[in-house]
Amino acid sequence: MNDMNPSGWRPKMGGEPGGDAPGETFTGNRGLQLEEPLIFELGRMDGCGVDFDDDPGEPMAGLEKHLRGAPVAVPGLSEPETVRHYTRLSRQNYAIDLGIFPLGSCTMKHNPRLDERVARMPGFADVHPLQPQDTVRGALDVINQLAGWLIDLTGMHGVAMAPKAGAHGELCGLLCIRAALEARGDAREVVLVPESAHGTNPATAAFAGYRVESIPGTADGRVDVAALEARLGPDVAAVMITNPNTCGLFERDLKRIADAVHAAGGFVYCDGANFNAIVGKVRPGDLGVDAMHINLHKTFSTPHGGGGPGSGPVVLSEALSPYGPLPFTAKGADGVVHLVEEEDAKAMGHAHAFGRMAAFHGQMGMFTRALAYILSHGADGLRQVAEDAVLNANYVLRSLEGVLDAPYGSSGPCMHEALFSDDGLAQGFSTLDIAKGLIDEGFHPMTVYFPLVVHGAMLVEPTETESRAGLDQFIGALRSLAERARAGDEALKAAPVLAPRRRLDETQAARKPRLAWRGDRE
Amino acid sequence: MRYLPLNDADRAEMLGVVGATNIDALFADVPAEFLQPGPIEGLPNHASEMAVERHMAALSARNLSAGSVPFFLGAGSYRHHIPASVDHLIQRGEFLTAYTPYQPEIAQGTLQVLFEFQTQVARLFGTDIANASMYDGSTACWEAVAMAGRITRRKGALLSSGVHPHYAETVRTMARFTGDAVRHTAPDLSAVPDDAAIIGGISDQTSCVVVQYPDVLGRLPDLAAIAEAAHDKGALLIAVVTEPVALGLVESPGALGADIVVGEGQALGVGLQFGGPYLGLFGCREKFVRQMPGRLCGETVDAAGKRGYVLTLSTREQHIRREKATSNICTNAGLCALAFSIHLTLLGGEGLSRMARLGHDRARQAAARLSAIPGVSILNDAWVNEFTVLLPVDARPVVRTLSERGVLGGVALGRLYPDEAGLSHGLLVATSECTTREDIEALATALEEVLA
């Protein structure tokens, strides 16, 4: 098969050399800003960057009819080519190691390298999920210690460690609620979700088999409590609420809402994506929450790796704890932490578990990182985390008031994130122009166009690991961009012009999807 | 508090800018009765890097790591040698500490990796396309069943008895809440996969047939025959691959007629990690792309005409479609996908083939040696790198006793099927290129002594 690029490395970049951009080069590189072909254009189909100790024999008799005719058609690169390919690609990424990553509601903070070292200890990284329990006591202790901290910090009763991401945790929480309702013979059909909720919330409720109804917000950016209370009834299984919410505000009336929901026989699910704003300061259990997922990568800073993995343990109230999924850890009468699987669930008083939501025991590699992070901060440090995160967000909010429109600026302090809108920019200028302008200034943009309830939303979350000097520089850049937009500086609409790529054509990507390299067939 | 850059002077000045008298003024929206007056009680205060490392090292030392002993566990999680450059490259901060590529102009590194990954997975599985990874194999399996329901508008899923029981339980858990009917039974200890039973069970109500390949006992079902039977009844064939290295040796499921292929990518680059994070692989026919769950990366051009990559077809996703989305997933296993992709790039098709043949060779040696032990026999008549050993006694206590002797000797089927007495004598044994002759001899010797 000949589907390599015969010239070896020169990329087909689409653009013609010698275009109008200044400094056009033969290679497409610009100094240290490097272009990199695909592995399919670099590697040979018979290449290999791994040496093996000996030669395999012929496959056994009986396997002939299953054998493949030719090797899988993926190229192999030598070790130096591989290292260089991925290193060059890495330089086309923004990352928290390079600067502030102010994605509101996504929460990107410093990732300590101690946590990486810990996760790679052989007793954690190199143990199999089905080893005999006596050979993994330390790993089970990690799960149990982390679980205990999560329960203490949230003031809850139990925790399900199995969910593999925040949205998976939402699903876990709703399945616990559904199982608890079924156990009392109560077939409720509706989940109420406020307008300002994460998009995963309605999707999760639908996947758990519920009909979703939306609850409006108030003019000051919170849930309309009267509208919510008016909708409660015997058909409502749960209310899904985010607190602090996606407008960056604390839902002052959550306890009142929870009491009303409980009186109506339903449960309260809290989206815990923003727990970093209140960790150590407020325990959601005190507010009447029945289930809440905790994104370990957000509050406890496990690295997100360009999209994941995540980890979403779900803390549970006493009413829901018996319904959590298998497997889980529990301390037995012998004082030893056990892994409770199907075989032991009944014996451990957990007969109501709703089953498995994934193979194995959750994101162990994230648990070790989160535990190391929590131990590093301690009870005093975690409280400081919330305070500094909230202080930094309010500093950004107040420093930019009068420069950017802040729709809830008069609704009181924000929590961990500051919300702005595109109101007040000149005609024809949008949030996107500000965001792309930030790229040329060397920053990752904030979250844009979310929450949906605010026109042209810009949601800035600095987090506690940004210094004041760093914030001042970021604020200065935003102020400059807002002033350029207000002054009608047309050049801003072309931003970014200094990044590895200009604005990308997302419409073409969706209209004519090219999801795999087909260079050998064209 | 080494991770916090602000000092008390910064805090005081910033409070002044904000116009607050003290920090709790910023928590004014929290009703006073719910504000904790001080650090949460019962928990220790912050600790130095050295102290945390010591604590975690002590916990790590209480585990028997796979690399330190003769090791033969599989059953959905496989140990392979991971080249040093894989871990080095995924630890580069620009990959490790990047978020989801929402701003493609400054995330081309992650996006190009995802595009390459999608192409690699599609070629490995023999499908037209693949997505940019999911949580793990078991959840990908459920998502495939849900997707087949959307495509066929049917609610009946038929799972072969060779599907990993944890995968089947995951599907059954989710189906319980969505109203799908799932049929799955435990396997018989037979050398023959349940192909005939599956083909006989397909009806015009069946949305999909789910077949693991190789199956949980290490057997190889006839996917082509099952695909034909499924298609005759308007059902889709979903193939499940828990050991992708096996595809270096045997034909890809897509080439045999599977409509959707899902799998666990942990075996390449990711490592055992006590069960997670792992890597969900998901490929399918191109015509199903708009029913596919998870993230997709697509090729496009920028304003200057240069080739570039973006996340695309997001109108299927939860942040746009809300309750009508194709899944509720809001993330992918990006870093694990990167590790997988680097490892596969180092191997290439040739290296993968050689790695699979080495693991197979070790399995042949192990099977030959173990079957020489009195009372012990081998179930399978063909396998790749995992097979089922039949013992004269319950395998669970045998595995525990072996571990006390420093041998991690396999997965007892009783661990996977606690309610199936008929399977209790079965022991799943997996090998790989890491397995040495000494390891095999150590297992056989220990097993002889335990059974004596």
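The values are calculated or read from the model by the stated rules, or taken from the named source; none is laboratory data. Model, not experiment: these values are computed from the prediction. All Cβ positions, glycine included, derive from the backbone under ideal geometry; neighbour counts span all protein chains shown. The protein model used for the area step is the full one, side chains on, heavy atoms only, and it has no ligands, DNA or RNA in it. Shrake-Rupley method; radii C 1.70, N 1.55, O 1.52, S 1.80 Å.
In the set A:GLY158, A:GLY166, only one residue is over 28 Å from B:GLN318 (Cα atoms) and either surrounded by fewer than 24 Cβ atoms within 10 Å (Cβ to Cβ) or not aromatic (Phe, Trp, Tyr) (or both); that residue is A:GLY158. The residues in the range B:97-129 that are part of a helix (DSSP H, G or I), in contact (Cβ under 8 Å) with a residue 60 or more places away in the chain and closer than 30 Å to A:ASP433 by Cβ can be counted, and the count is 9. The set of residues in the range B:155-179 that are touching a strand residue (DSSP E or B) at 6+ places or on another chain (Cβ under 6 Å), open to solvent by 10 Å² or more (accessible area, probe 1.4 Å) and in a loop (DSSP other than H, G, I, E, B) contains only B:LYS155.
Considering B:ALA337, B:ALA304, B:ALA333, the condition of being open to solvent by less than 40 Å² (accessible area, probe 1.4 Å), facing chain A (nearest Cβ under 7 Å) and either out of contact with any His (no Cβ under 6 Å at 6 or more places or on another chain) or of a type outside the set (D, E, K, R) (or both) is satisfied by B:ALA333 alone.
Within the range A:411-425, the set of residues being surrounded by fewer than 24 Cβ atoms within 10 Å (Cβ to Cβ) and in contact (Cβ under 8 Å) with a residue 40 or more places away in the chain comprises A:SER411, A:GLY412, A:GLY424, A:LEU425. Annotation for the range A:180-191: no member residue is modelled with pLDDT of 95 or more and facing another protein chain (nearest Cβ under 8 Å).
Residues that are more than 30 Å from B:HIS343 (Cβ to Cβ) and part of a loop (DSSP other than H, G, I, E, B): does the range B:64-78 have at least one? Among the residues of the range B:64-78, not one is more than 30 Å from B:HIS343 (Cβ to Cβ) and part of a loop (DSSP other than H, G, I, E, B), which makes the answer no.
Please count how many residues of the range A:460-506 are open to solvent by less than 10 Å² (accessible area, probe 1.4 Å), within 12 Å of chain B (Cβ to nearest Cβ) and touching a Ser or Thr at 6+ places or on another chain (Cβ under 9 Å). Final tally of qualifying residues: 4. Restricted to the range A:254-364, the set of strands (runs of 3 or more DSSP E) holding at least 3 residues that are more than 13 Å from A:GLY166 (Cα to Cα) and open to solvent by 10 Å² or more (accessible area, probe 1.4 Å) comprises A:328-331.
Pick from A:ARG188, A:ARG211, A:ARG184, A:ARG178: which is out of contact with any strand residue (DSSP E or B) (no Cβ under 9 Å at 6 or more places or on another chain), among the charged types (D, E, K, R) and open to solvent by 10 Å² or more (accessible area, probe 1.4 Å)?
After applying the criteria, what remains is A:ARG184.
Okay, residues lined up against (1) within 20 Å of A:GLU41 (Cβ to Cβ); (2) more than 7 Å from chain A (Cβ to nearest Cβ); (3) among the basic types (Lys, Arg); (4) in contact with a helix residue (DSSP H, G or I) (Cβ under 9 Å, 6 or more places away or on another chain):
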{"residue": "B:ARG92", "(1), (2), (3), (4)": "no, no, yes, yes"}
{"residue": "B:GLU105", "(1), (2), (3), (4)": "no, no, no, yes"}
{"residue": "B:THR110", "(1), (2), (3), (4)": "yes, no, no, yes"}
{"residue": "B:ASP128", "(1), (2), (3), (4)": "no, yes, no, yes"}
{"residue": "B:ASN131", "(1), (2), (3), (4)": "no, yes, no, yes"}
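Can you tell me which residue is farthest from the other protein chains (Cβ to nearest Cβ) among those in the range A:159-179 that are over 15 Å from A:CYS270 (Cβ atoms) and outside any loop (DSSP other than H, G, I, E, B)? Even if it seems obvious, please write down each step before you answer.
First, pick out the residues of the range A:159-179 that are over 15 Å from A:CYS270 (Cβ atoms): A:161-162, A:164-165, A:168, A:175, A:178-179.
From what is left, the residues that are outside any loop (DSSP other than H, G, I, E, B) are A:168, A:175, A:178-179.
Numbers: A:HIS168: 6, A:LEU175: 6, A:ARG178: 6, A:ALA179: 9 Å.
Among residues in the range A:159-179 that are over 15 Å from A:CYS270 (Cβ atoms) and outside any loop (DSSP other than H, G, I, E, B), the one farthest from the other protein chains (Cβ to nearest Cβ) is A:ALA179.
Can you spot a residue in the range B:22-34 that is open to solvent by 60 Å² or more (accessible area, probe 1.4 Å), in contact with a His (Cβ under 6 Å, 6 or more places away or on another chain) and more than 22 Å from A:PRO284 (Cβ to Cβ)? No, that holds for no residue. For the condition at positive phi, modelled with pLDDT under 95 and facing another protein chain (nearest Cβ under 7 Å), A:GLY378 does not qualify. Summed over the range B:169-186, residues that are at negative phi and at the interface with chain A (Cβ under 9 Å from one of its Cβ atoms) total 8. Inspect all residues belonging to the range B:362-375 and state whether any of them is under 30 Å from B:ARG92 (Cβ atoms), more than 7 Å from every other protein chain (Cβ to nearest Cβ) and surrounded by fewer than 24 Cβ atoms within 10 Å (Cβ to Cβ). So far as the range B:362-375 goes, no, none of its residues is under 30 Å from B:ARG92 (Cβ atoms), more than 7 Å from every other protein chain (Cβ to nearest Cβ) and surrounded by fewer than 24 Cβ atoms within 10 Å (Cβ to Cβ). Screening the candidates A:ASP344, A:ASP334 for the property of being within 11 Å of chain B (Cβ to nearest Cβ), within 30 Å of A:LEU320 (Cα to Cα) and over 27 Å from the mean Cα position of the chain (by Cα) yields one hit, A:ASP344.
Each row is one residue, and each column tells you yes or no for (1) under 30 Å from B:GLY265 (Cβ atoms); (2) within 7 Å of another protein chain (Cβ to nearest Cβ); (3) at pLDDT below 95.
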{"site": "B:LEU4", "(1), (2), (3)": "no, yes, no"}
{"site": "B:ALA28", "(1), (2), (3)": "no, yes, no"}
{"site": "B:ALA66", "(1), (2), (3)": "yes, yes, no"}
{"site": "B:ALA84", "(1), (2), (3)": "yes, no, no"}
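So is B:GLY283 at pLDDT 95 or above and open to solvent by 10 Å² or more (accessible area, probe 1.4 Å) or not? No; evaluated as a whole, the condition is false for this residue. Kindly evaluate B:ASP29 against the criterion of being of a type outside the set (Ser, Thr, Tyr) and in a helix (DSSP H, G or I). Taking the combined requirement at face value, the residue does not satisfy it.
Scanning the range B:68-82 for residues that are more than 8 Å from chain A (Cβ to nearest Cβ) and more than 16 Å from A:PRO122 (Cβ to Cβ) yields B:PHE72, B:GLY74, B:TYR78.
Would you check if there is a residue in the range B:210-221 being surrounded by fewer than 17 Cβ atoms within 10 Å (Cβ to Cβ) and either acidic (Asp, Glu) or part of a loop (DSSP other than H, G, I, E, B) (or both)? No, the range B:210-221 contains no residue that is surrounded by fewer than 17 Cβ atoms within 10 Å (Cβ to Cβ) and either acidic (Asp, Glu) or part of a loop (DSSP other than H, G, I, E, B) (or both).
Test A:LEU150 against the stated conditions and say whether it is under 28 Å from A:ALA95 (Cα atoms) and at the interface with chain B (Cβ under 8 Å from one of its Cβ atoms). So A:LEU150 fails the test. Within the range B:399-426, restricting attention to residues that are among the β-branched types (Val, Ile, Thr) and touching a strand residue (DSSP E or B) at 6+ places or on another chain (Cβ under 7 Å), the residue that is farthest from B:GLY218 (Cα to Cα) is B:VAL399. Taking B:ASN332 as the residue in question, decide whether it is in contact (Cβ under 8 Å) with a residue 24 or more places away in the chain and either closer than 22 Å to B:ALA442 by Cβ or over 23 Å from the mean Cα position of the chain (by Cα) (or both). Considered against the rule, which asks whether it is in contact (Cβ under 8 Å) with a residue 24 or more places away in the chain and either closer than 22 Å to B:ALA442 by Cβ or over 23 Å from the mean Cα position of the chain (by Cα) (or both), B:ASN332 comes out as no. Inspect the range B:155-166 for any residue being more than 7 Å from chain A (Cβ to nearest Cβ), under 22 Å from A:LEU515 (Cβ atoms) and touching a residue at least 60 places away in the same chain (Cβ under 8 Å) and give the result as yes or no. No, that holds for no residue. Scanning the range B:312-327 for residues that are open to solvent by less than 40 Å² (accessible area, probe 1.4 Å) and either more than 7 Å from chain A (Cβ to nearest Cβ) or farther than 30 Å from A:LEU34 by Cβ (or both) yields B:SER314, B:ARG316, B:GLU317, B:GLN318, B:ALA325, B:THR326, B:SER327.
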